[in-house]
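In what follows, a structure is listed as C-alpha cells, so that the remarks can point back to it.
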Amino acid sequence: MRSVERELKKFIKDNFFFGDHSDFADSDSFLEQGIIDSTGMLELVSFVQQQHGIKIEDDELIPDNLDSIDRLAAFIRRKLAMSAPEQSSQFATKA
Amino acid sequence: MCGIAGILKFHDEPADRELVERMISAVRHRGPDARGVYCDRNVALGHARLSIIDLAGGQQPMQNVDHSLCITFNGEIFNYLELREELVQKGYRFATSSDTEVILHLYQEHGEDCVKFMNGQWAFAIWDGRRQELFLSRDRLGIRPIFHTRTADAFLFGSEIKCLFACPKVHREIDLNALDQIFTFWFNISPRTTFAGISELPPGHCMRVSKREMRVWRYWSLGFPGGWDSGGRVADREEQWAQQLLDLLKDATRIRLRSDVPVGAYLSGGLDSTVVTALAKQATPSHLKTFSVTFDDAEFDESTYQREASRFLGTDHQEIRCTYDDIGRVFPEVIQHAETPILRTAPAPLYILSQLVHDNGYKVVLTGEGSDEMLGGYDIYKEAKLRRFLAARPDSQIRPLLLKKLYPYLPNVQAQTGAYLKEFFRVETEDSASPFFSHLPRWKLTSKLKLFFSDAVKSEIQARDSFADLESLLPAGFSQWEPFCQAQYLEAIFLLPNYILSSQGDRVAMAHSVEIRLPFLDYRVVEFAAKIPPRLKMKVLNEKYILKKCTAPFIPRSVAERPKQPYRAPDGKAFFAGQPLDYVAELLSPDCLRRSGLFNPAAVEKLVDKFKNGRAIGTKDNMAIVGILSTQLVMHHFVDKPVRTTEYAFS
C-alpha cells in the first residue's frame, strides 16, 4: 500500500540528498522544509509522469497536490484512478 | 602585462636568485617576450614581460637613476603620459618612454600616496633601498593579481600562487575555510585564498614589508552617497547624468587604447562590449579587430548579435566555436591557471577565446566587464527588486508571474507555475532586514552543495559562519544604503575581483599572454556610477537604462533592445554529453575522492549517475559537479604534485 511513498522517498533521497544522512517525514512540506528547490520540483514531476504514465497539467502544479510525500502519493492515486481504472487496479494489487 | 615575483629574506643572507628564476618561470605565460631578475643582498625581484608599451626601453625589473629604487610591475598606468608631463615639469628626467618609469618617479615624488594619482590596472613591488622595505600595491578594483606568503626566513610574492609553490618550503594545503566560502559565495573572501597560509593583497590595498614588520592598508574604497533627486527638472537631470557618463566612458576608452601594439576588442553580443567597441572605433576610426566565442547550443549562443554588432561598427571580426567537448578538454588547464575551485565552466570558453586572440598576433583586447556591476545590469538586482515587491503583497496571485519575465532564458523557470514561483521566491521575515537580502537566494542555494563534503570537512566547517565573515567587512553605514546599492557593492567589491576579474578575467586571458583592458572599470567611471541614482540604472525592470540612453545613437538597435542575457556556458554537459573524459572518471572515482578526503564518494557517485542518465537539469547539480571536479583538479595540480616549473625552464 505504501510502495508509492517508498518510491517517491527513494527518488528524493537519491536525487536531491544524494544519499546524505538527512531524513524527513512523509507529511513534511517540501517547500517549508527546503527539501526540494524549484528545479527539483520539475525533476520530481517529470519522474512521476514517466514512472506512472500520467500527464500532470499546469493547473495541477500546486502545493496542495505536490508539497509532501503524502500529498503527492494521494495525487498520483487520484490521477491513476481517474485516467485509467485498469491501471489503478493493477497498481493496487502491486501495492 | 606581465608576471612578477620576488623574495625578501628576513636574515642577513643573500636572496636566492635561482629561486626567483623558478618563481618567474612558473608564470612565463604572462610574459613570454623577455625576462629579468634583480638581486641586491637580501632581496630579489623577477619579471616576465609581455611587451606592450616602449617595446625597446621598458625592460624590467627597472631601477631609478641613483639605483635606490627598483620596480617589478604587472599592468598598465593609462594616464602615464599626463603623469609623466607633470613629473618632467617638476624636474624629473626619464630614460625610457615606459609607464614603468613613471611609477618609479611618482613613488619618489609622493611615496606610498603615488597610487592615488594612478589610473590603471596594476600589481607591482618596489624595493626601496633607502628604507630597506618592499612596497607592494594592487589596483583599486583588483584587475591584476598579487599573492604573498612567508616562510621561516623569507617573504615571497608573485602574480600567481604557482610562483610561491616554486619554493619547496611553501606548504601546499587546501584551506577548508576557503572551500566553505567558495561553496557559499562562489569566491574566497580576500585576502584568503584556496590555500592555507597563502594570501592575496586585496584590491585597493598597499603593503610594506621589511625584515621586521608587515603592514597592509586600504588606499581606496567604494561608497554610495545617496541623497539623490534634488533640484532641477527630472528630465534635465537625466540628460546630465547620461552626458557625463558618456564623456567619462569615451575618455576611459581613449586612454585604454594607448599602446605600442594593436588593441582589439571582445564582442560578446551584449550591450557592454558593443559600447566599448563602438567607443574604440570612434577613437581610432582605422582598422579594429574584434573577437567572439560562439556555441552550438542556442541556449548560450549569441553569434547573431555579435555579427550584427561587428557589421554595424565595421570591425574585422574573428570568431571561434566552442563545443561541449572543447570545454571538457580545456577545463584542467583552466583550473591550472585559475588556481581555485570554481562552480561554473564560464571561464573555459574565455580561455579558448584568448587563444584565438593570441593566434591572431594580438596581445591586448578591450572588454565590457564592470558595467553590469556598476550600472545595474545583473539579474540579481532585478530579482531583489521583485522579491521586495512580492513581499509587500504576499497574497497576490499575479505578481509571482513577473518572475518569469526575470529569467526568459532559463527553461526551468519558464516551466514553473505561479503558485510555485511564489513559494520559491518567498521572502522570510528575517531576510527582509539582512544586509545580504539580494544575494540570499543565490547563497542559500549554493550552500546546499556542502552536502557533498566528506564528514571530516563537514565537521571541520560546522562551527563556521561565512556570512559573518563577509558581514564584518561591510563598510560603516551599509545598512542605511539603498538596497540597490547594497547589492551593487556586494557584486563589485566581492564577486567582481574574486571571480569575474580573476578566474574569468586575468587568468584565462594571461594564460595565452593576452592583456584585457576594461573601460567600465576606470575608477572615474566607477566612482561616477556610484553617484547615479538607482532609478536611472534600472528603470522599473529595464536594466542599465542610463547606459542604453547615452549610447543608443551609435550601437545597433537590436543589441540595445534585446533582452539581457548573462554570459553563461554549458556546465555538466561539458563533461558528460560528449566523449568520455579520462580525467573526469579518474578524479571523480571513489578511490581518488577518498584520497583527497574532501567529498563523500557515495554522494558524488549518485550525482555522476544523475548526469550520465541526463537527469541533472538544475543549477544546483551543475554547480555541484563543476565545483567538485574543479576542487579535485586543484588537489591534483597543486597539492598532490609539484608545480610544473621544469617545463618552463628559464633561459
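In the range A:1-32, which residues are under 16 Å from B:L421 (Cα atoms), more than 8 Å from chain B (Cβ to nearest Cβ) and either in contact with a helix residue (DSSP H, G or I) (Cβ under 8 Å, 6 or more places away or on another chain) or part of a helix (DSSP H, G or I) (or both)? Answer for the range A:1-32, where residues must be under 16 Å from B:L421 (Cα atoms), more than 8 Å from chain B (Cβ to nearest Cβ) and either in contact with a helix residue (DSSP H, G or I) (Cβ under 8 Å, 6 or more places away or on another chain) or part of a helix (DSSP H, G or I) (or both): A:S29, A:F30.
Scan the range B:547-573 for residues that are in a helix (DSSP H, G or I) and surrounded by 15 or more Cβ atoms within 10 Å (Cβ to Cβ) and the total you get is 9. Just to verify a result, which residue in the range B:288-347, among those that are among the charged types (D, E, K, R) and in a strand (DSSP E or B), is farthest from B:A178 (Cα to Cα)? Going through the qualifying residues, I end up with B:D316. Under the condition of being in contact (Cβ under 8 Å) with a residue 12 or more places away in the chain and farther than 23 Å from A:I35 by Cβ, the residues counted in the range B:400-435 number 9. Condition test on B:R215, is it among the charged types (D, E, K, R) and either farther than 30 Å from B:L547 by Cα or touching a helix residue (DSSP H, G or I) at 6+ places or on another chain (Cβ under 7 Å) (or both)? In short, yes. The criterion of being touching a strand residue (DSSP E or B) at 6+ places or on another chain (Cβ under 7 Å) and at pLDDT below 90 holds for B:K564.
The one condition from (1) out of contact with any Gly (no Cβ under 7 Å at 6 or more places or on another chain); (2) within 13 Å of chain A (Cβ to nearest Cβ); (3) farther than 19 Å from B:T345 by Cα; (4) modelled with pLDDT of 95 or more that B:A602 does not meet is (1).
Residues in the range A:33-58 that are exposed (fewer than 15 other Cβ atoms within 10 Å of the Cβ) and either within 12 Å of the chain's Cα centre (by Cα) or at the interface with chain B (Cβ under 9 Å from one of its Cβ atoms) (or both): A:G34, A:S46, A:Q49, A:Q50, A:Q51, A:D58.
Taken as a whole, the structure leaves B:R524 outside the set of residues that are out of contact with any Leu (no Cβ under 6 Å at 6 or more places or on another chain) and either under 23 Å from B:G376 (Cβ atoms) or surrounded by fewer than 23 Cβ atoms within 10 Å (Cβ to Cβ) (or both).
Listed by first and then second residue, the pairs linking a residue in the range A:1-18 that is of a type in the set (D, E) to a residue that is surrounded by fewer than 15 Cβ atoms within 10 Å (Cβ to Cβ), with Cβ atoms under 9 Å apart and 6 or more places separating them unless they lie on different chains, are A:E5/A:D70; A:E7/A:Q51; A:D14/B:D609.
The values are calculated or read from the model by the stated rules, or taken from the named source; none is laboratory data. These numbers come from a predicted model, not from an experiment. When we count neighbours, we look across all protein chains shown, and the Cβ atoms used for this are built from the backbone with ideal geometry, even at glycine.
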